[in-house]
Amino acid sequence: MSRLMLVVAAAAMIVVAVLGVGVWQVNSFMSTEVSVPDNGIEFDIPNGSSFAAVTQQLVELGVIEGDFWLRLYGRWSGVANAVQAGHYLISAGATPASILEQFTSGAVRLFSFTIIEGWNHRDLLNALQANEAIEASMTEEDWPGLLAELGANAMHPEGLFLPETYRFSRGTTDRELLTQAYSLMQTVLAKEWSQRDESAPLASPYDALILASIVEKETARADERQRIAGVFTRRLEKRMRLQTDPTVIYGIGPGFNGNLTRADLRSDTPYNTYTRHGLPPTPIALPGRAAIHAALNPASGDELYFVATGLGDGSHRFSATKAEHDAAVAEYLRRLREQRRQGS
């Protein structure tokens, strides 16, 4: 073998050895856990960031000591150009390989926002604006425009957004979340309407929302929702006024001081079901799935009245006659007086 061939063979062996060491170094680096606290570390990749800027930021945050091997792997594998902008949460136990997979798949950190049953539309907007991960873009004056964009038949936003927990990425706007909540409400309402008790005196799905919102405000007890819906259904059928305090309170508006007086009950508003027959003009709160189901599937019976028991468990006593109801009210007031004496 000539000297030239020996030199070439030796050079080839050196190259193979170097490449082997390099591959081993890269694989070792990519599979070694990085330095991340137990609660993880938040990491932002702005739009237009270069791969070098991303890896350098990992170094600056102390996630990795150096980015040479990561940049080499990114360029060699071709994934460097596949990194997606977004807000990420790098979890404890992560490796450079898992981080790169997270960045290239767009597995951004998801936040959650829960709409609570019984909130009104003002509560909802305030909660959206208070969430630091949501981009606020709406004010009270923007409701009509949003409803028009959604194609809603209603002119008032109350009751149109389903109480549920929603998952979203940072920077999602309040309008986007409201659109999702509106769409889900329409889906749930359509399903419940199609499976309703057709004897219920409700002319439309919107009427069901109105009644469901009243049920939602009257009780949080699952065992009472359909009974309360049954009371209101029979009162509607008999042309009796609903006489429910939550509608009066809603009609008073944000200025309500927490003390419902006899004067309030006599003061006529479109929502005062002591002075007006039938349902109020709009829902008075955001009803959940269970309240909607109850409104469309009320319990049968002859009960026309209910009053709180005062037992501290949110329960009510139901009555079929005014005399029974008056006795239940007297018992409730007696229990309240006794509780006040014990507390004084």
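The values are calculated or read from the model by the stated rules, or taken from the named source; none is laboratory data. From a predicted model like this one, the values you see are computed outputs, not experimental measurements. Virtual Cβ from ideal backbone geometry, glycine too; neighbours counted across all protein chains shown.
Can residue 134 be described as farther than 30 Å from residue 50 by Cα, in contact with a helix residue (DSSP H, G or I) (Cβ under 7 Å, 6 or more places away or on another chain), among the aliphatic types (A, V, I, L, M) and not assigned by TED's automatic domain parsing to the domain that holds residue 71? Break it down into steps so the answer makes sense when it comes.
Working: farther than 30 Å from residue 50 by Cα: no; in contact with a helix residue (DSSP H, G or I) (Cβ under 7 Å, 6 or more places away or on another chain): yes; among the aliphatic types (A, V, I, L, M): yes; not assigned by TED's automatic domain parsing to the domain that holds residue 71: yes.
In short, no.
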Would you call residue 243 in contact (Cβ under 8 Å) with a residue 12 or more places away in the chain and either among the β-branched types (Val, Ile, Thr) or assigned to a helix (DSSP H, G or I) (or both)? no
Go through the range 176-213 and give me each residue that's in contact (Cβ under 8 Å) with a residue 60 or more places away in the chain, surrounded by 18 or more Cβ atoms within 10 Å (Cβ to Cβ) and under 21 Å from the mean Cα position of the chain (by Cα). 177, 181, 189, 192, 209, 210, 212, 213
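Could you say whether any residue in the range 96-105 is closer than 30 Å to residue 174 by Cα, among the charged types (D, E, K, R) and either in the same structural domain as residue 254 (by TED's automatic domain parsing) or surrounded by fewer than 16 Cβ atoms within 10 Å (Cβ to Cβ) (or both)? Walk me through how you get there before you give the answer.
Filtering the range 96-105 down to residues closer than 30 Å to residue 174 by Cα leaves 99, 101-105.
In the following step, the residues that additionally are among the charged types (D, E, K, R) were identified as 101.
Still in the running and either in the same structural domain as residue 254 (by TED's automatic domain parsing) or surrounded by fewer than 16 Cβ atoms within 10 Å (Cβ to Cβ) (or both): 101.
The answer is yes; a qualifying residue exists.
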Among the residues of the range 254-280, the number that are in contact (Cβ under 8 Å) with a residue 24 or more places away in the chain and surrounded by fewer than 16 Cβ atoms within 10 Å (Cβ to Cβ) is 3
Expected single match for small (Gly, Ala, Ser) and assigned by TED's automatic domain parsing to the domain that holds residue 158 among 66, 48, 118 is 118
Just to be sure I understand, how many residues within the range 127-150 are closer than 24 Å to residue 87 by Cα, without any contact (Cβ under 8 Å) to a residue 12 or more places away in the chain and part of a helix (DSSP H, G or I)? 1
I'd like to check something: does the range 296-303 contain any residue that is assigned to a helix (DSSP H, G or I) and touching a helix residue (DSSP H, G or I) at 6+ places or on another chain (Cβ under 7 Å)? yes
With the structure loaded, tell me whether residue 89 is farther than 19 Å from residue 164 by Cα, touching a Lys or Arg at 6+ places or on another chain (Cβ under 8 Å) and modelled with pLDDT of 90 or more or whether it fails that test. yes
Residue 22 is checked against (1) in a helix (DSSP H, G or I); (2) under 24 Å from residue 77 (Cβ atoms); (3) at pLDDT 55 or above and fails just one. What number does that condition carry? (3)
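Look at residue 189 and say whether it is in a helix (DSSP H, G or I), of a type in the set (A, V, I, L, M, F, W, C) and within 26 Å of residue 290 (Cβ to Cβ). Steps first, please.
Numbers: in a helix (DSSP H, G or I): yes; of a type in the set (A, V, I, L, M, F, W, C): yes; within 26 Å of residue 290 (Cβ to Cβ): yes.
Judged against the criteria, residue 189 is a match.
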